[in-house]
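See structure below.
Since every read-out is calculated from the coordinates, none of them should be taken as a lab result. Since the structure is predicted, the reported quantities are computational estimates derived from the model, not experimental observations. Every residue, glycine among them, receives a Cβ derived from its backbone with ideal geometry; neighbour counts consider all protein chains shown.
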């Protein structure tokens with residue numbers, strides 16, 4: 001399950017619950033919110049980026065996603081020009097998110113606008129799928145096997161050092177929900193309090209620390225509806241007067 005799909009799914013459940021509470025007139029002031037604001041943690045719960053090994057090639061996951069303008073030439077009558085969010089990149093491939101579906105194609109000409117003179121290469125649109133039905137967001141995989149080493153370095157340098165960040169800020173959740181956590185040795189369910197949630201992670205307040213030495217599998221249960229499991233890693237946790245503040249990174253499977 002992709003990190004963005006997990007984020008959208010959980011965020012949608014949160015909004016549904018909030019709407020239901022407002023309709024019933026039972027929306028309560030969250031008591032822990034004031035405590036969080038008093039002891040706001042300066043450390044972000046997310047790492048800048050991380051490396052994941054896949055298909056024998058190093059894949060660099062960008063967090064937050066970087067924005068780049070691309071132009072895809074299917075044929076003279078079908079040219080798509082879009083700003084897209086680059087989620088991860090490897091030597092011969094790239095995963096992007098955009099607001100329209102891409103037609104699969106074995107061969108297209110593509111331009112990356114890293115400067116006034118774009119980087120041009122031949123590519124393959126390997127796959128494309130809607131993240132959540134009705135969301136209007138699509139993930140697509142670009143096969144860049146024909147990209148030269150020189151042009152790869154230009155694109156990679158632009159993404160890491162010059163490309164604008166995607167302005168998808170963390171959502172203030174401020175809501176307790178049930179979490180199911182699975183490690184190598186046990187499966188446990190517990191209620192936790194989510195402070196904020198983003199595509200690549202979340203910050204929670206818990207009654208106890210979570211395992212930080214290994215990857216964990218977590219899923220959220222809100223309003224009787226469950227998300228799928230997603231891989232995650234505890235990247236920091238600090239004991240406060242009101243509980244343990246924990247930063248969690250989502251790791252795409």
- Note on the structure: If the chain between residue 113 and residue 100 were fully extended at 0.36 nm per residue, the gain over the current Cα-Cα distance would be 2.8 nm
- Note on the structure: Exposure proxy check on 191, 113: fewest-to-most Cβ neighbours within 10 Å is 191, 113
- Taking other Cβ within 10 Å of each residue's Cβ, how do 185, 90 sort, fewest first? 185, 90
- Message: Quick check on packing: order 71-82, 225-236 by the mean number of other C-beta atoms within 10 Å, highest mean leading.
- Response: 225-236, 71-82
- Query: Stretch residue 178-residue 146 to full length: gain in nm at 0.36 nm per residue minus the Cα-Cα span?
  - Reply: 6.9 nm
- Query: Exposure proxy check: 212, 198 ranked by fewest other beta carbons within 10 Å?
  - Reply: 212, 198
- Message: Can you order the peptides 241-248, 154-161, 143-150, 60-67 by their average number of other Cβ atoms within 10 Å per residue, highest first?
- Response: 60-67, 241-248, 154-161, 143-150
- Report the FRET efficiency, 1/(1 + (r/R0)^6), for residue 241 and residue 190, where r is their Cβ-Cβ distance and R0 is 25 Å, rounded to 0.05. 0.80
- Item | Segment residue 71-residue 126, length gained on full extension (0.36 nm per residue, minus Cα span) | 18.2 nm
- Message: I want to check the label-to-label distance for residue 154 and residue 209. Put each point 7 Å from Cα in the C-beta direction and report it in nm to one decimal.
- Response: 4.9
